[in-house]
1. Among the residues of the range 1-31, which ones are more than 25 Å from ALA317 (Cα to Cα) and among the polar types (S, T, N, Q)?
2. Which ones in the range 286-302 are over 19 Å from the mean Cα position of the chain (by Cα) and either on the phi > 0 side of the Ramachandran plot or not in a loop (DSSP other than H, G, I, E, B) (or both)?
3. For a quick check of your reading of the model, give me the residue pairs whose first member lies in the range 117-128 and is over 10 Å from LEU96 (Cα atoms), whose second is open to solvent by less than 10 Å² (accessible area, probe 1.4 Å) and among the hydrophobic types (A, V, I, L, M, F, W, C), with beta-carbon atoms closer than 7 Å and at least 6 apart or on different chains.
4. Tell me, yes or no, whether the range 268-282 has at least one residue that is assigned to a loop (DSSP other than H, G, I, E, B), open to solvent by 40 Å² or more (accessible area, probe 1.4 Å), within 30 Å of PHE21 (Cα to Cα) and modelled with pLDDT of 90 or more.
5. Of (1) open to solvent by 10 Å² or more (accessible area, probe 1.4 Å); (2) at pLDDT below 95; (3) within 24 Å of HIS131 (Cβ to Cβ), VAL201 satisfies all except one. Which?
6. So, in the range 30-44, of the ones that are at negative phi, touching a residue at least 60 places away in the same chain (Cβ under 8 Å) and of a type outside the set (S, T, N, Q), which residue ends up most open to solvent (accessible area, probe 1.4 Å)?
7. Any chance you could count how many residues in the range 238-262 are farther than 15 Å from LEU199 by Cα and either without any contact (Cβ under 8 Å) to a residue 60 or more places away in the chain or open to solvent by 50 Å² or more (accessible area, probe 1.4 Å) (or both)?
8. Does the range 147-155 contain at least one residue that is more than 24 Å from LYS289 (Cα to Cα), modelled with pLDDT of 95 or more and either among the hydroxyl-bearing types (Ser, Thr, Tyr) or surrounded by 18 or more Cβ atoms within 10 Å (Cβ to Cβ) (or both)?
Amino acid sequence: MAGRFRDKLNLLSKFTFRRYFNAAKVLGAYYVSRWTGKSRQWGMPVSVSVEPTTSCNLRCPECPSGLREFTRPTGMLDPEFFRKTIDELSPSLLYLTLYFQGEPYLNRNFLEMAGYASGKGIYVSTSTNAHFLDDDTARRTVESGLDRLTISIDGSTQETYAMYRVGGSLGRVINGTKNIVKWKKKLRSRTPYLIFQFLVVKPNEHQVSEVYRMAEELGVDEVRLKTAQVYDYEHGNPLIPENDKYSRYEKLSDGTYRVKNSLANHCWRLWHSAVITWDGLVVPCCFDKDAKHKLGNLQQESFRELWFNGKYAGFRASVLRSRSSIDICSNCTEGTKVWVSKEADDYPRPDVKRKTLS
């Protein structure tokens, strides 16, 4: 409990009066838009995701980075462009996810950029497959001021792990985790808050309790069990877990599957956050992996200009009108619970029946 409490205090410490006031405006605009059915936006984004790169060292089967199937270019985020963007957003921005697609540590300037945003008083998080957390990189990660580090660990044995993280090494993930924990202790740093994210699929669902045990032994702060997005799910998929609570899809009486989401005509993400690709495109959310819905280009205009322009307002209006008709929403879980978590003090042992999390 202590770790999560400290992490929440850390996030709250990033609030300034301007950020608090901006968040209140965004929240108000969202609810007025829902009540009236007309798109309103009164504040700047509370959080953004910025993509360090589309490149990845692994070949995960349901990931466009892993499959090398992007229809958009592969490249690296330029530090100068990143600093310019952060300079514009930082007065009102509370939370930065320095990740979208790809493996962020492949961008050699990643930690420099994380440190720059942290220096602006922004809460900075990222997600990694942890294959590049050697001793020196782990030290620099802790020193960078990164607030949260999510490590993908999708199996407790190499055989199971590699079924989804194709080309990956569980040993390197474990060693990278140990390096982060070691340097947090050496530098007496409470950050980054360390999360094991376990993507539950059919091949690994029997190892859930093992991952909790591993996290406890390694000194990880939290474990999150995340449901997997699969593209071809209507007639079943070998990755869909047997245990329904670990799946974002439900089986219907005719044997087909559908997303556990009624797709109500609203979406909080469209009001409080945005995603910026490595080359400056702004897209609605993380489900637009191929940047099909380009709402602006920061290489050509400021964020403020595009955030309030007619194209962005039109997309928000289309969500209020008929979210189910938007392609990237069809496999979305916004509004449903897609992960469960417990902290290190509560990890169950493999021989103990795990309590169901509500």
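1. Scanning the range 1-31 gives ASN10, SER13, THR16.
2. Scanning the range 286-302 gives GLY296, ASN297.
3. What qualifies is LYS120/ILE86; THR128/LEU149; THR128/ILE151.
4. yes
5. Here VAL201 clears every test but (1).
6. Keep residues of the range 30-44 that are at negative phi, which gives 30-36, 38-44.
Now drop any that are not touching a residue at least 60 places away in the same chain (Cβ under 8 Å), which leaves 30, 33-34, 38-39, 41, 44.
Keeping just the survivors that are of a type outside the set (S, T, N, Q) gives 30, 34, 38, 44.
Values: TYR30: 14, ARG34: 98, LYS38: 124, MET44: 10 Å².
So, considering only residues that are at negative phi, touching a residue at least 60 places away in the same chain (Cβ under 8 Å) and of a type outside the set (S, T, N, Q), the one most open to solvent (accessible area, probe 1.4 Å) is LYS38.
7. First, pick out the residues of the range 238-262 that are farther than 15 Å from LEU199 by Cα: 250-262.
Next, from what is left, pick out any that are either without any contact (Cβ under 8 Å) to a residue 60 or more places away in the chain or open to solvent by 50 Å² or more (accessible area, probe 1.4 Å) (or both): 250-258, 260, 262.
Going through the range 238-262 one residue at a time, the tally reaches 11.
8. From the range 147-155, those more than 24 Å from LYS289 (Cα to Cα) are 147, 155; that's our starting set.
From what's left, modelled with pLDDT of 95 or more: 147.
Keeping just the survivors that are either among the hydroxyl-bearing types (Ser, Thr, Tyr) or surrounded by 18 or more Cβ atoms within 10 Å (Cβ to Cβ) (or both) gives 147.
Yes, the range 147-155 contains at least one residue that is more than 24 Å from LYS289 (Cα to Cα), modelled with pLDDT of 95 or more and either among the hydroxyl-bearing types (Ser, Thr, Tyr) or surrounded by 18 or more Cβ atoms within 10 Å (Cβ to Cβ) (or both).
The values are calculated or read from the model by the stated rules, or taken from the named source; none is laboratory data. All of these numbers come straight from a predicted model, not from anything done at the bench. In this analysis, Cβ positions are derived from the backbone assuming ideal geometry, glycine residues included, and neighbour counts consider all displayed protein chains. Ligands, DNA and RNA are excluded from the accessible area calculation, which covers all protein heavy atoms including side chains. Shrake-Rupley method; radii C 1.70, N 1.55, O 1.52, S 1.80 Å.
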